[in-house]
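Report on one structure; see the data block that follows.
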């Protein structure tokens, strides 16, 4: 045979099978581009210089592994689909006299083209996209966008090697298939008789049990820590449940429906139920895949979006001023900071750095987190675990409160308090039921409170402010808390506003971090000074939330691509399977209108079922997500709900668009005119 | 009045590319009386399948008229066509055309479900028919679980369950072994004796020799026809063979 025969034949056969080959090539291009981008971000030297991008780079590093694994699994999946559709063609070649060696040569040439187009095209797309991706990333992180266009040789190399190896593996897999198959089996590969699926009660029960288990976890976790601990168990249970649901439960339900003669023997139900029963066997796994991928996309996007959009509140809560100085001391041994002396030092230092102070205020406080309801809060974990969420209590004195608000000092008895953030009439704090509980009557529930961070930084829970009579009460509260075994400090928080630009303020904040205790000699007795600036909290939070959002969107897009492709391949392969079936029905006397109607109802059910189940999963996940978000101090339920609904709505639209596009192809295949009798 | 009247049927296909015209049927005229069992023979490309497609209302003739009980098939509107086909015609195909998604029972009931009959009525029709065709014990099985002959009997049951005026069979024995072929033809003959009109297209002389009349088609027209008369199957077989020999060796004139 002429030398150019196989290259030509391979090119032809790719064109001939374009309905299957082009989406496969697109998948490779998409995955390659995605992988290049995530790898380029993980190793971008320009980004490594920016402290705010630390999280993104860490996440991207994780993303590299996820994407690589995903690429391997998904390209194998699409490749095996492609080969299944082609067994007949290859069998025919074999019968027509091409040896297995020749078919192997054909496949090798096809792989060469695939690699050239897929990896080459993917890298080009990836490099072009990288500019766009970094633009979006910098925007997300609230960073200034740098100019220039970079190609990262390291990432190009990794991508080439990884996808070269994956495509080589798929080629070897295909060659192995050809070697062990005989031509007749190849020729009939597509139409092997399929038995009706049996009802598998064990799987059905297992599915219902594990799904209920996953849902039960989602409904019963009591706080963020439990949510975090059990989240992966819940996810695994739901995944197992979903697979069982589609493979076994669906069949059990369909068979029950078939038993009901009145329902079953109606044209649409008759064709629909039997058709779905039949196709459930080979499609159940595909549908479960679609469902799980969709759920992942929805959860990732709504979770990271809620985090990103809610982070503004968190920043406002954690950084009520440009500069925050928290001084901690132990009142049993230390006299506490000398406030005017301290203020003087701060002013001095700010001015040394070329800025000036526009506001300087502060207050004493002590804080702890507790959990409970109806005004009774437990400090111990055993007591706390009975309740759903933690509350972070910050106590301050009436005198400080008056100074902050500019009002007269409220007259409070020793057991009276003003509260903000909770609605209880009284507050009682207990510890293991052992010690004398500490109780306050609530004199007034405040609707407004001055912005103080109250040391809430790093605490998990909704914030509550409690104003008590005086420092003695504050010390009593601290004493009470010491029964838990850890001795709490009293802290004084300075809130300082500055005149510098954002960058100058950030630098100033950083310089306060390196402060030596010696710089503050003569400012009283205290233990620890903690500094933070609005700018660094802002950068930290946006770095973290932006990193999460970026990873969420990136993997979301990747998984969405997978979902779309699985849907596309399913529609096509089902089209070919159903075509003959509908032609027979037409001959037996089913008219075009009925055909269309029954195709519609079947296709709709089969494709929107995964979406429906995914939405259900997301609904149950919502509570868990709220609890997990609390770890990041996000407590805005309304915002999270809005994000979830918004993401769901967009996803449904996209899903419907993809569905209707592929459904058109399906109809075209199915309704090609009958071949006559 | 004849049950089926076919007059001056002409069909010209235009190939999809190049627009070449192919004449599949030139001029076909014949009629079928109620209760007849007719075989249509002819070589590949003689126009048999085109004829059957037109009789089944799956294809429209370029010229000519097909009347079933005096009703012109070409004038039936598209929307009524499926129902008309379902109620008046039964089909038996060479490759059975059973749906592997349905059990034997549901395959047979398919036309009744399409007509919207009640489950009770379905049961009433199914029981005697499946008994008669000897597939009563197979009803719960699936097509891939039964033999070719059993599949074809299922297809016949499906064709007959609507009590059609006419059964159209396209090479019904084409995919069967000789034993199954024999059983099937005996069944056809029995069904025909009970009054069912059957029109069968076939290559097989054995199959044709069991019918009451054989039409030979060549080059798109009815070339010859044979009546069984008082012949036995063997004698009729011999006459059909002779005619076929004449046909292939090129007898020019109508016999």
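Exactly one condition in (1) crowded, with 18+ Cβ neighbours inside 10 Å; (2) facing chain A (nearest Cβ under 9 Å) is not met by residue B:87; state its number.
(1)
Could you check, for segment B:3-21, whether at least one of its residues is farther than 16 Å from residue B:166 by Cβ, within 14 Å of another protein chain (Cβ to nearest Cβ) and under 18 Å from the mean Cα position of the chain (by Cα)?
no
Assess whether residue A:584 counts as being within 14 Å of chain B (Cβ to nearest Cβ) and either at pLDDT 80 or above or touching a strand residue (DSSP E or B) at 6+ places or on another chain (Cβ under 6 Å) (or both).
Considered against the rule, which asks whether it is within 14 Å of chain B (Cβ to nearest Cβ) and either at pLDDT 80 or above or touching a strand residue (DSSP E or B) at 6+ places or on another chain (Cβ under 6 Å) (or both), residue A:584 comes out as yes.
Out of all the residues in segment B:227-238, which are crowded, with 17+ Cβ neighbours inside 10 Å and at pLDDT 90 or above?
Hit for segment B:227-238 is B:236, nothing else.
All but one of (1) in contact with a strand residue (DSSP E or B) (Cβ under 6 Å, 6 or more places away or on another chain); (2) crowded, with 21+ Cβ neighbours inside 10 Å; (3) within 11 Å of chain A (Cβ to nearest Cβ) hold for residue B:172; which doesn't?
Residue B:172 satisfies all of (1) in contact with a strand residue (DSSP E or B) (Cβ under 6 Å, 6 or more places away or on another chain); (2) crowded, with 21+ Cβ neighbours inside 10 Å; (3) within 11 Å of chain A (Cβ to nearest Cβ) except (3).
Within segment A:347-377, can you find the residues that are without any contact (Cβ under 8 Å) to a residue 12 or more places away in the chain and under 14 Å from residue A:500 (Cβ atoms)?
A:351, A:352 - these are the residues of segment A:347-377 that are without any contact (Cβ under 8 Å) to a residue 12 or more places away in the chain and under 14 Å from residue A:500 (Cβ atoms).
Got a number for residues in segment B:138-160 being in contact with a strand residue (DSSP E or B) (Cβ under 8 Å, 6 or more places away or on another chain) and more than 12 Å from chain A (Cβ to nearest Cβ)?
So the count comes out to 3.
Please state which of the following conditions residue A:633 fails to meet, knowing it meets all the rest: (1) within 14 Å of chain B (Cβ to nearest Cβ); (2) over 29 Å from residue B:81 (Cα atoms); (3) not in a helix (DSSP H, G or I).
Against the list (1) within 14 Å of chain B (Cβ to nearest Cβ); (2) over 29 Å from residue B:81 (Cα atoms); (3) not in a helix (DSSP H, G or I), residue A:633 comes up short only on (1).
Of all residues in segment A:126-144, count the ones that are exposed (fewer than 12 other Cβ atoms within 10 Å of the Cβ) and either assigned to a loop (DSSP other than H, G, I, E, B) or on the phi > 0 side of the Ramachandran plot (or both).
1
Given the conditions (1) without any contact (Cβ under 8 Å) to a residue 12 or more places away in the chain; (2) touching a strand residue (DSSP E or B) at 6+ places or on another chain (Cβ under 9 Å); (3) facing another protein chain (nearest Cβ under 9 Å), and given that residue B:117 satisfies all but one, which numbered condition is not satisfied?
(2)
Please give the number of the condition residue B:58 fails out of (1) touching a residue at least 40 places away in the same chain (Cβ under 8 Å); (2) within 9 Å of chain A (Cβ to nearest Cβ).
Failing condition for residue B:58: (1).
Which ones in segment A:478-503 are at pLDDT 85 or above and surrounded by 15 or more Cβ atoms within 10 Å (Cβ to Cβ)?
Of everything in segment A:478-503, those that are at pLDDT 85 or above and surrounded by 15 or more Cβ atoms within 10 Å (Cβ to Cβ) turn out to be A:490, A:491, A:492, A:493, A:494, A:495, A:496, A:497, A:498.
Restricting attention to segment B:195-214, report how many residues are touching a helix residue (DSSP H, G or I) at 6+ places or on another chain (Cβ under 9 Å), more than 19 Å from residue B:239 (Cβ to Cβ) and part of a loop (DSSP other than H, G, I, E, B).
Looking only at that region, the number is 1.
Inside segment A:227-274, can you point out the residues that are more than 14 Å from chain B (Cβ to nearest Cβ) and within 30 Å of residue A:594 (Cα to Cα)?
If the condition is that a residue be more than 14 Å from chain B (Cβ to nearest Cβ) and within 30 Å of residue A:594 (Cα to Cα), then A:245, A:246, A:247, A:248, A:249, A:250, A:252, A:253, A:256 are the ones that fit.
Name the residue, out of B:68, B:112, that is touching a residue at least 40 places away in the same chain (Cβ under 8 Å) and closer than 24 Å to residue A:596 by Cα.
Going through B:68, B:112 in turn, the sole match is B:112.
Touching a helix residue (DSSP H, G or I) at 6+ places or on another chain (Cβ under 9 Å), crowded, with 22+ Cβ neighbours inside 10 Å and at pLDDT 85 or above: does that describe residue A:633? Reasoning before the result, please.
On the way: touching a helix residue (DSSP H, G or I) at 6+ places or on another chain (Cβ under 9 Å): yes; crowded, with 22+ Cβ neighbours inside 10 Å: yes; at pLDDT 85 or above: no.
Judged against the criteria, residue A:633 is not a match.
Test residue A:292 against the stated conditions and say whether it is closer than 30 Å to residue A:453 by Cβ and either away from chain B (no Cβ under 14 Å) or touching a strand residue (DSSP E or B) at 6+ places or on another chain (Cβ under 6 Å) (or both).
No: the conditions fail for residue A:292.
Is there a residue in segment B:212-230 that is in contact (Cβ under 8 Å) with a residue 24 or more places away in the chain, in contact with a strand residue (DSSP E or B) (Cβ under 6 Å, 6 or more places away or on another chain) and more than 23 Å from residue B:24 (Cβ to Cβ)?
Yes: segment B:212-230 contains one or more residues that are in contact (Cβ under 8 Å) with a residue 24 or more places away in the chain, in contact with a strand residue (DSSP E or B) (Cβ under 6 Å, 6 or more places away or on another chain) and more than 23 Å from residue B:24 (Cβ to Cβ).
Is there a residue in segment B:196-206 that is crowded, with 18+ Cβ neighbours inside 10 Å, under 19 Å from residue B:43 (Cα atoms) and more than 16 Å from the chain's Cα centre (by Cα)?
no
Which count do you get for residues in segment A:589-615 that are within 12 Å of another protein chain (Cβ to nearest Cβ) and more than 19 Å from residue B:86 (Cβ to Cβ)?
Number satisfying all stated conditions: 1.
Restricting attention to segment A:535-546, does a residue exist that is part of a helix (DSSP H, G or I) and more than 33 Å from the chain's Cα centre (by Cα)?
no
The values are calculated or read from the model by the stated rules, or taken from the named source; none is laboratory data. Because the structure is a prediction, the values reported are computed rather than measured. Note: ideal-geometry Cβ built from the backbone for every residue, glycine included; neighbour counts use all protein chains shown.
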